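The values are calculated or read from the model by the stated rules, or taken from the named source; none is laboratory data. Here the structure is a predicted model, which means the values were calculated and not measured. All Cβ positions, glycine included, derive from the backbone under ideal geometry; neighbour counts span all protein chains shown. Accessible surface areas use protein heavy atoms only, side chains included; no ligands, DNA or RNA. Shrake-Rupley method; radii C 1.70, N 1.55, O 1.52, S 1.80 Å.
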Amino acid sequence: MIGDRWGVTDGETRLTYGCDAFVVDPTLEAWRGASVAADPATVWSWVRQIRLAPYSYDWIDNLGRRSPRERSDLPDPQAGDPFTASAGRSLGRVLAVDPGRELTARIMGVAMSYLVVPQDGGGTRLLLKLAGRPPRGTATLVCLGDLPMARRQLLNLRDLAEGALRARVEPEALVLGTANPRDRRHGPRAGRRPRIRPSLVLGTANRPGARQICRARGRSAVPARQFAVHLRCRTRRFRFMPLVAGPGRLARRRAPRGAAAARPADRVGRMVDLDIGAAKRGRRAYSFDDIAIVPSRRTRDPEEVSTAWQIDAYRFDLPVLAAPMDSVMSPATAIALGRFGGLGVLDLEGLWTRYDDPEPLLAEIASLDPVAANARMQEIYAEPIKRELITARLNEVREAGVTVAGALSPQRTKQFADVVVQAGVDLFVIRGTTVSAEHVSGQAEPLNLKEFIYELDVPVIVGGCATYQAALHLMRTGAAGVLVGFGGGAAHTTRSVLGISVPMASAVADVAAARRDYLDESGGRYVHVIADGSIGRSGDIAKAVACGADAIMIGSPLARAHEAPGRGFHWGAEAWHAELPRGERVELGSIGSLESVLFGPSTVPDGTMNLIGALKRAMATTGYTELKEFQRVEVVVG
């Protein structure tokens, strides 16, 4: 039925709901759902408050009156109580209540159940099912009419629950140093001092939840030598604003009440502003080196862990995409990685599409003097790209029976997209230092990503991006996956040349938040988040997944393999830019075969070998067996 699902999984539609017992042979069944970064008790407190107002579009179903934004201390409803109210008039009847878990009611002939489902690792799913027996000719109309109202109701309840949770704690003082700060509280509450552990926010996807904001027992996850924190508890007056220690002064602002200020796009800018100077404020962000994964109470055997993931119709045993760099990928290494269960992405603007035999040139680049390397690479890469070589390289990979992926920059996508698609590419990658959905140019017509992806018959992965808003815009173009970061982490100099850089832990967490909100916005369309850049060791891979990545794109770890075309050297497309090189050729050395780099055995203790074995052990140590579950693991800053 059209409009019967929004924001729910197939498994959630197969659950048993209370309304199923009150409607026999329904002609209408519809499911709606939303993820809430709050504990089940907080979510339930807002569900039972539906008796006061609809919490949907107030100008329609509450006759313009605003649904209450303050929680009332209401008891749990009982069967027979009024279900809700519109402009002060009671509507519907409660049919059954499972306190703290499910509320079932009937209104206008339709039974509905609100189900509160706790999630492993924190957070809650708020589910709604409708069941009724309207005439079959009108069931679809009822379903479509309910969809926008139910969606708005669940999103409002989500925002209110998250806002109520943040309002429980307000930071009072942050002291950098090793000494214990003075208790600055005054008045009758000065003697009541709860022990609370604050959460530092990596990004909007890691925003405070029930287990993140406070713990009744325990200490700060940040060492005491860095800072000590005093917190004061308040209820309902102020929304929680995260706090972060760092150079400079803590910027603390009180946020407005209600759900109006709860959208992640707003939170990103307000999250952790620090004073840079009188005229400038900046947000504190975190790299993978700044965070660590926290073990849980449960452990697993590494042999039981699965690292498989799927994008579109293509399933891979490894969450690894090889970066499209000439020092990492050739047709032969793309085939080898594909057979191991990963995805090799060919650079369709590299030497393999400019020269029939690039091996002598690869050897020359490896032997160049560091001072002259960039200038000579600019000369080598000045050779035009040949369309027939694009077809030949992609066909070579396809004939080996592995998934075929090729990458173009946004500047050359229009020029060569037709030959790439005709060659039978399975996954089309559009990769640049940074890619936006709204490029504006006064010299040439820019690539319209939305139109391009819509007209293409193959799934597209596009990036990089590093912010919530940029990622959300890319997801709205129809991309199957989004690359996070600027790529070429080990060999690029973008921060030195352009001054542009975003620490990857915060970037991945922000983009994961965009993925979550786009899932709600689009009615269930999931866009994969792929971390690309600043991933040099196995621990970085685990942290990227912990921050919300579905997979990772790596270059330098694979460039150390004996089979890598770079012969122990590594460089990216930024190094041979004709006008402004933003990368360099770096020597990494060779440490082992591609198989040993991926699966071991490792002969070094620095995390550059047995990447997948290390990821599996990190997941097993924290009690997770699937990558999607591992995204919920707890992390600390320190």
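Details
- Inter-label distance, nm, simple model (7 Å from Cα along the C-beta direction), Leu456/Glu304: 4.0
- Charged side chains reduced to their Cβ positions (Lys and Arg at +1, Asp and Glu at -1) give segment 535-583 a dipole of some 200 debye around its Cα centre.
- Near Arg476, no amide H atom lies under 5 Å from its own; only residues 5 or more places off or on other chains count, and H is placed 1.01 Å from N.
- Across segment 395-405, rounded Karplus estimates of 3J(HN,Hα) from the backbone phi angles (6.51 cos²θ - 1.76 cosθ + 1.60, θ = phi - 60°) give 5, 4, 5, 5, 5, 7, x, 10, 5, 9, 9 Hz, Gly and Pro being marked x.
- Counted residue by residue at 0.36 nm each, then reduced by the alpha carbon distance between them, the extension gain from Asp606 to Ser496 reaches 36.9 nm.
- Among the GluC sites (Glu not before Pro) found in segment 357-442, those both in a DSSP coil and sparsely packed, with 12 or fewer other Cβ atoms within 10 Å of their Cβ, are Glu438.
- Accessible area of Arg537 (1.4 Å probe, protein heavy atoms only, ligands and nucleic acids ignored): about 110 Å².
- Shape box of segment 310-444 [Cα atoms, principal axes, largest first, Å]: 44, 41, 27
- Projected label points at Ala382 and Met149, each 7 Å from Cα along the beta carbon direction, are separated by 7.0 nanometres.
- Each Cα pair of segment 592-638 feeds into the Kirkwood radius, which the Stokes-Einstein equation turns, at 10 °C and 1.306 mPa s, into a diffusion coefficient of 136 µm²/s.
- Built amide H within the under 5 Å cut-off of Gly432, gap 5+: Gly463, Gly464
- 9 Å beta-carbon shell around Phe416, net charge (K/R +1, D/E -1): +1
- Two-site label geometry, Arg412 and Met108: point separation in nm, points 7 Å out along Cα→Cβ: 5.7
- Measuring only protein heavy atoms, the 1.4 Å probe finds Tyr286 accessible over about 0 Å².
- Mean accessible surface per residue for segment 470-556, computed with a 1.4 Å probe while every protein chain stays in place, in Å²: 25
- Across Phe22, Phe630, the residue with the most accessible area heads the list, and the full order at a 1.4 Å probe is Phe22, Phe630.
- Under Karplus coefficients 6.51, -1.76 and 1.60, residue-wise ³J(HN,Hα) of segment 80-92 in Hz, glycine/proline x: x, 5, x, 7, 8, 9, 10, 6, x, 9, 5, 9, x
- Its relative contact order, with pairs defined as Cα atoms under 8 Å and 6+ residues apart, puts segment 372-440 at 33 percent.
- Column: log10 I(q)/I(0), Debye, Cα scatterers of segment 486-574, q = 0.17, 0.21, 0.23 Å⁻¹: -0.78, -1.01, -1.11
- Annotation: amide H of Gly344 within the under-5 Å range of Ala322, Gly338, sequence separation 5 or more or interchain, hydrogens built in the peptide plane.
- Residue-by-residue Karplus 3J(HN,Hα) for segment 376-393, coefficients 6.51, -1.76, 1.60, Hz, glycine and proline x: 5, 5, 4, 5, 5, 7, 6, 4, x, 6, 10, 4, 5, 6, 4, 4, 5, 5
- Within the full protein context, the accessible area of Glu162 is estimated at about 0 Å² for a probe radius of 1.4 Å.
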